[in-house]
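The values are calculated or read from the model by the stated rules, or taken from the named source; none is laboratory data. Being a predicted model, the structure only gives us computed values, none of them experimental. Cβ: placed from backbone, ideal geometry, glycine included. Neighbour counts: every protein chain shown. SASA here: full protein model, heavy atoms, side chains in, ligands and nucleic acids out. Shrake-Rupley method; radii C 1.70, N 1.55, O 1.52, S 1.80 Å.
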Amino acid sequence: MTAPRSTVEDQDAADPAGAGAVPSPGERAPAVTGSRGAAAASLTAAGPSASGLPADLLDKLTRADRLVSAALTAAETVALLLEDAATCAAEAADPAVEAPRRATLSHIFGDLADRINGAIKLAALDGPGLIEIAGLTLNQRVGLTGSSHALPAFTSVDLRAGLPDNDLGLAPTALADRAVAECAVAQVAAARGRVDAVVADLGRLEDQVSGQLDFTAGLLRSLSTGLSGAAGPDPARERANLRALRLQQDLSESAQGLANTAQRSILSLL
């Protein structure tokens with residue numbers, strides 16, 4: 001019978017301080033040494049900047065994505081409300097509409113104006129929204145002006161500009177006069193064209209910002225995965241795997257020895 005190989009415990013005793021030693025409970029695992037370990041430590045300390053990206057880039061892109069999404073949602077709401085305002089003004093401008101009905105339409109128009117203003121204000125996130133005050137770029141809002149990672153150019157607009165009384169803040173009896181109603185029809189029609197164009201621009205911008213955000217987040221995830229790989233395998237896990245492989249090898253050799261012994265016993269009987 002073939003003598004079994006020395007057990008793992010025997011080999012451990014021969015090298016109690018070996019590189020694969022399992023740390024005792026409460027003891028920290030040994031640090032990874034060598035050039036690979038030094039590179040991992042350097043990348044870990046550098047964080048996102050190790051990839052050439054500013055440390056706060058992901059936060060800025062996330063904020064930009066929220067700003068654009070809020071502005072797009074609000075602009076789409078304004079576009080729908082302007083459709084109702086156009087219908088209301090057109091009916092009030094009809095010569096056949098009687099005064100009581102025109103007065104009712106005027107009140108409805110005023111309510112639509114308040115809702116439009118409210119929708120625009122909701123687009124603001126810790127500062128002016130992209131459809132509330134004209135002349136402020138998206139990169140200025142998120143702090144990426146002049147950066148090599150700047151977002152596509154977009155300058156904020158004031159969706160209330162060009163509407164009746166500049167903000168649709170008409171008196172409840174504004175459309176009671178047919179001439180004013182006719183003027184409101186033309187102004188609302190022009191505003192709808194501008195708002196539709198802004199909605200289209202914001203839709204394209206949202207796709208671009210979301211794409212840049214997803215790319216940056218994926219790059220940082222890849223960097224994080226690379227760092228964990230650069231730190232090397234877990235010594236405790238590798239030690240356990242080695243124990244299992246050695247035990248399997250010892251058992252297979254013992255089984256082979258038993259099989260050879262049984263074969264010789266049978267041959268001796270013959």
- prompt: For the residue pair ALA103 and ASP196, what label-to-label distance in nm results when each label sits 7 Å from Cα along the Cα-to-beta-carbon direction?
  reply: 3.5
task: Arrange the peptides 240-253, 188-201 so that the one whose residues have, on average, the most other Cβ atoms within 10 Å appears first.
output: 188-201, 240-253
- line: Expressed to one decimal in nm², the mean projection of the alpha carbon convex hull of the stretch 54-122 is 4.8
message: If I compute solvent accessible area with a 1.4 Å probe over the protein chains, what percent of it on the stretch 109-155 is carbon and sulfur?
response: 56
query: What ³J(HN,Hα) values, in whole Hz, does the Karplus curve 6.51 cos²θ - 1.76 cosθ + 1.60 give for the stretch 55-64 when θ = phi - 60°, with x put for Gly and Pro?
result: 4, 9, 4, 4, 5, 5, 5, 5, 5, 4
query: Can you list residues whose amide H is under 5 Å from THR137's amide H, if they're 5+ apart or on another chain and H is modeled 1.01 Å from N?
result: SER156
